Structure formats: C-alpha cells, structure tokens
Amino acid sequence: MRSVDEQLARVIAAAVRPAPVRVAISESQGLLCAEEVVAERALPGFDQAAVDGYAVRSVDVSGANASPVQLPVVGEIPAGSRQPRRLQPGQAVRIATGAPLPTLADAVVPLGYTDGHQAKVTVNRSVPSAGFVRRTGEDVQTGDVAVRRGASIGAAQVGLLAAVGRNKVLVHPRPRVSVISLGEELVDVDRTPGQGQVYDVNSYALSAAARDAGAEVSRVGIMSPDPRRLREVIEGRLLLSEIVVIAGGVGGSSGDEVKAAIGELGDMDVTRVAMHPGSAQGFGRLGPDAVPTFLLPANPMSALVVFEVLVRPLIRAALGKKNPYRRAVSARLLSPLQSTKGRRGFLRGQLLRDADNGEYLVQPLGTSGSHLLASLAEANCLIMVDEDVTEVSVGEEVLVSFLAQRG
C-alpha cells in the first residue's frame, strides 16, 4: 500500500502550469500576474486636493493660528476640471477633493479650518506647504513596477491596474478541469431515481471543489462505463483539459471496463493509498500531452476527501501557487476519536478557537463511516491522524487542515 506522501509527490510532479494569457483586468482576480506591470504614468497624474476646501499659497495663511486671515475667493475648481487656473498671491480658490491644484497653490485649507464663505473666506488655522495635497507620483512614479510578476491579483491589484491605465494583464490562467461521473446506477438531479438508482452527487460536488480551488471547470456529468464510448469521451476531454477527474470505476467489473477504456491512452496506476477514507484510487498521465488524470472512489464523501488531499494541491500548483496546500494548525481534541490502523486518517471536524487563550480546539464530527456526506458539509477542517495511531484521547493535540471557511 502506497503512502499518502508518496502518492502526493507523484501527483505534484505532474503539475504543468498553462501558458500565460492576456485577459481583461476584470477577469484577472484570483490569478497570478505573469508580467511586471510598469506604470507608464504617475499616480496621481497631477497635484490634486486631498479634501474639499480652498487652494492657497501656504505662506498666505501662515499666521492664521495667531490671527484669522481673510482671502478673496476668485473661483471654484470641481473634480474633473480641465481648465488650467492660476492663483495670485493673497488669493484662494474653492476646490473639490480630487480636483487639480491651480498654479502657485501649494496647499489646501480644509473647509473645517474656515468659515466656508464663497466670496471672501476667513481661514482660522494655518496649513504647511503640501498640506492636504496629493502630490504627482506620490503613489506610483512613472517607470515603477505597479504589480509584480508572480503577485496574486486581488481587489487592490485590480484597482491599481486600473489606476495606471491598464485594461488587460498577462496572467497564469486557471487550469481547465473536466469532471466525469461513472455508474449505471446514477441519475441526474432533475430526474426521480428508480429502484436501485441514486443521484449523481460526484460530478456536482467535485466540480464545485475544483472551482473553489481556482480551476475552470467542465462538468461532463454521468457516463456509462462502456469502454468504447468512455474512451471517446475521455480522449476528447484530454484535448480540452489540464486535469481530468473521473469518479467511480476503481473497483469491481466497472474498474476493469475503465482500465480497458483508457489503456490505449496512457499508463493509469490504480493502487491503494494508505489513507482513510478513499484508499482505492488511480492516477496517471494520459493522452499525447500527458494530462494528469484521476480515478476517485464512487462514494461521494471518499471522493471529496481524496480530491482535497491530492487533486486540490495539483490545481493550486498548476495555478502557480508557491504553497499549494491548505493551512494546517495543531488543535486540542474535544472528543475521543478512532482511526484505521496503517492508514492516515482524514476525519471531519469542527475547528474552534478558545476565547480566553486563543488555543485551537477541534470537535470530531460523525463517525468514521466513509458514506456520511452530511458531516463533511458541517466540517470546516480535516483532522489528520498518523498511520500508526488508532485512538486519540480527549485533550491530546492533533494536526488539522483548514477547509473552505463559511461566511
């Protein structure tokens, strides 16, 4: 029986990052930047007011703290104004936040420092030179790197790209993942199951998991394990995917049919991995492009756990993430648990935080049954138990891996 670490090493070694593509910045969120984005213009592009107030020469209001200063108001500059203005000594101009400063003005007096009058303003407090002014290039200078290669693009990076005038950016794209469910007993969720039939859970659950990991997902849905038809479908998906995930077909007669279907497409290593749940699984690289392809258990809970442990890291690695793994922490156990001897346990749990000392606590959920999907839906972590441990007592520390957090 192969160890989890050995199987994971085989999987990660197969990671291939898709070639960079140029996309609209609105489509870049969550991806890694594949270029050094150099600012072609300064940000801000001109000296501008940081607050609503009056543009002045700071020297003209330098004595306002000792005695209020009155200045004639010779105009108004709204945000977006394109008309150049020139300020004369001893004058003020009403100005809006973001509006360009007139020539000779070097400061803005906030409205709260004045009486707010329109024709002649009384200034009650002085301001220093550059006070309440956003200087040209204060944020980004022309030629500066605004977004670095390898940076994860989030809301702030999208905003910065827009601010420096970029409408497209080169990124490492999401890997394309195809998800297939196998089984004569499966029906789609828009039909009523007959005797002996069950809903197709895997194609929906695994597609959601792949999407959550950052992939672009094609849910192929239910396929019959007929070798000829299955080979045609898989062959087609290999041309359109960076990763293929097939749920079902790792055991029994259906497993033989799947092996027959993909035997001509490449080497599929069907084995047992020392983990619980999800020991029976397969992994290979199929087609002319050696596309990583997974065979997962038919049981939805087992399939999701194997996906979390093995497939998700591959997707994250293909995205270019430096650390493709979930965050893991030590937590103190609130209830005893048991694990299968000789297999690394990945057990459902609810991770909590002690309000007094900040210590992590974890409550096991459900039993060890691999068919119990509801408890996985309640879990926010997987409790990882070493292969040589069969029982863990209350109060002992265990390693837990975060799952997606609910809001």
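The values are calculated or read from the model by the stated rules, or taken from the named source; none is laboratory data. Since this is a predicted model, take the numbers as computed values, not measurements. Here the Cβ positions follow ideal geometry from the backbone for every residue, glycine too, while neighbour counts run over all protein chains shown. Note: areas computed on protein heavy atoms with side chains; ligands, DNA, RNA excluded. Shrake-Rupley method; radii C 1.70, N 1.55, O 1.52, S 1.80 Å.
Put simply, of 36, 76, 6, 27 the only residue that is among the acidic types (Asp, Glu), touching a residue at least 24 places away in the same chain (Cβ under 8 Å) and either open to solvent by 40 Å² or more (accessible area, probe 1.4 Å) or closer than 30 Å to residue 123 by Cβ (or both) is 36.
Scanning the range 328-342 finds no residues that are under 27 Å from the mean Cα position of the chain (by Cα) and basic (Lys, Arg).
Among the conditions (1) on the phi < 0 side of the Ramachandran plot; (2) open to solvent by 60 Å² or more (accessible area, probe 1.4 Å); (3) not basic (Lys, Arg), the only one that residue 380 does not satisfy is (2). Restricting the search to strands (runs of 3 or more DSSP E) fully inside the range 205-281 and requiring at least 3 residues that are touching a residue at least 40 places away in the same chain (Cβ under 8 Å) and surrounded by 18 or more Cβ atoms within 10 Å (Cβ to Cβ) gives 216-223, 243-247. Of the residues making up the range 79-90, those that are part of a loop (DSSP other than H, G, I, E, B) and open to solvent by 80 Å² or more (accessible area, probe 1.4 Å) are 82, 83, 84, 88. Of the residues making up the range 352-365, one or more are free of Cβ contacts under 8 Å to residues at least 24 places away in the same chain and under 28 Å from residue 177 (Cβ atoms). Just for the range 101-137: of the residues that are without any contact (Cβ under 8 Å) to a residue 60 or more places away in the chain and touching a Pro at 6+ places or on another chain (Cβ under 8 Å), which one is nearest to residue 59 (Cα to Cα)? So, considering only residues that are without any contact (Cβ under 8 Å) to a residue 60 or more places away in the chain and touching a Pro at 6+ places or on another chain (Cβ under 8 Å), the one nearest to residue 59 (Cα to Cα) is 107. Among the residues of the range 167-184, the ones that are at pLDDT 90 or above, assigned to a loop (DSSP other than H, G, I, E, B) and either out of contact with any helix residue (DSSP H, G or I) (no Cβ under 8 Å at 6 or more places or on another chain) or open to solvent by 50 Å² or more (accessible area, probe 1.4 Å) (or both) come to 3 in all. Consider residue 129 carefully, then state whether it is of a type in the set (Ser, Thr, Tyr), at negative phi and outside any loop (DSSP other than H, G, I, E, B). Considered against the rule, which asks whether it is of a type in the set (Ser, Thr, Tyr), at negative phi and outside any loop (DSSP other than H, G, I, E, B), residue 129 comes out as no. Examine the range 141-160 for a residue that is over 30 Å from residue 317 (Cα atoms) and open to solvent by 80 Å² or more (accessible area, probe 1.4 Å), and state whether such a residue exists. There is at least one residue in the range 141-160 that is over 30 Å from residue 317 (Cα atoms) and open to solvent by 80 Å² or more (accessible area, probe 1.4 Å).
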